[in-house]
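A.B. asks: One structure coming up, written as structure tokens, with questions to follow.
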Amino acid sequence: MRALERYQLPADVQERLTELEELSNKAEEGDKAARQELKQKLLASSPAVIARASDVSRRAQHRLIETAAGGSELTQYALSGRLDVMREEIAGDNPTPLEVLLTEQVVSCWLWLTLLDALNSGQFWRGSGKAISVGPSYLRQMVKIQESAHRRFISSIQALARVRKLQAGTPGIQFNTQINLR
């Protein structure tokens with residue numbers, strides 16, 4: 001399967017999401033009939049439609065991407081594409097639903113950690129113009145947040161590795177070595 005192919009939405013899913021989004025907009029404007037119709041159509045939708053409509057993680061990622069891009073369309077599209085490629089590479093061929101969830105966690109943690117790296121490194125940059133100097137307590141707090149993000153990132157990678165090991169059904173290998181010195 002080509003990179004990104006798995007994450008591109010089928011036409012019927014995209015069509016249904018567009019329909020639901022239009023109903024959602026009407027419901028948000030106070031249309032009670034649209035609200036009821038939205039509820040019924042969502043419940044009658046395929047699992048793929050429901051999963052995509054409720055994907056809070058992806059929405060959060062897009063907010064972070066917009067922030068990191070700083071108004072650059074190129075950076076925004078490139079980061080979004082990079083996350084899709086990472087999902088493809090990390091999930092591998094025929095991932096289980098649990099592997100898909102953990103892959104999404106790994107990708108989200110990577111994005112957050114990368115943005116914190118950029119933010120923290122910006123505190124030490126002294127380019128042209130006057131840089132804002134922050135106090136050591138702020139830097140310590142930011143480093144703590146970054147370390148926490150790093151732990152979550154490593155933990156999500158380890159969880160995915162554990163799941164894959166358990167799914168493979170291979171028992172752990174243990175080596176016992178005895179050395180007698182006389």
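Conditions (1) modelled with pLDDT under 90; (2) more than 19 Å from V107 (Cα to Cα); (3) in the same structural domain as Q105 (by TED's automatic domain parsing), marked per residue:
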| residue | (1), (2), (3) |
| --- | --- |
| Q40 | no, yes, no |
| L43 | no, yes, no |
| A60 | no, no, yes |
| E66 | no, no, yes |
| A69 | yes, no, yes |
| E73 | no, yes, yes |
| L79 | no, no, yes |
| R82 | no, no, yes |
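A.B. asks: Counting only residues that are among the β-branched types (V, I, T) and farther than 15 Å from L9 by Cα, which one in segment 47-65 is surrounded by the most Cβ atoms within 10 Å (Cβ to Cβ)?
C.D. replies: If we take residues in segment 47-65 being among the β-branched types (V, I, T) and farther than 15 Å from L9 by Cα, then I65 is surrounded by the most Cβ atoms within 10 Å (Cβ to Cβ).
A.B. asks: Could you please let me know if E88 is assigned to a helix (DSSP H, G or I) and either of a type in the set (K, R) or not assigned by TED's automatic domain parsing to the domain that holds S148 (or both)?
C.D. replies: In short, no.
A.B. asks: Further question on the same structure: Give the residue, chosen from R126, R140, that is out of contact with any Phe, Trp or Tyr (no Cβ under 6 Å at 6 or more places or on another chain), assigned to a helix (DSSP H, G or I) and at pLDDT below 95.
C.D. replies: R140
A.B. asks: Right, something else. Picking from A33, A68, which residue would you name as being in a helix (DSSP H, G or I) and surrounded by 11 or more Cβ atoms within 10 Å (Cβ to Cβ)?
C.D. replies: A68
A.B. asks: Take E89 and tell me if it is in contact (Cβ under 8 Å) with a residue 24 or more places away in the chain and either among the acidic types (D, E) or touching a Cys at 6+ places or on another chain (Cβ under 9 Å) (or both).
C.D. replies: Yes: the conditions hold for E89.
A.B. asks: Also, quick follow-up: For G92, work out the one condition from (1) small (G, A, S); (2) within 15 Å of the chain's Cα centre (by Cα); (3) within 24 Å of S155 (Cα to Cα) it doesn't fulfil.
C.D. replies: Exception for G92: condition (2).
A.B. asks: Quick one: would you say R82 is assigned to a helix (DSSP H, G or I) and within 28 Å of H150 (Cβ to Cβ)?
C.D. replies: Answer is yes for this residue.
The values are calculated or read from the model by the stated rules, or taken from the named source; none is laboratory data. Being a predicted model, the structure only gives us computed values, none of them experimental. FYI the Cβ positions are ideal-geometry reconstructions off the backbone, even for glycines, and counts take in every protein chain you see.
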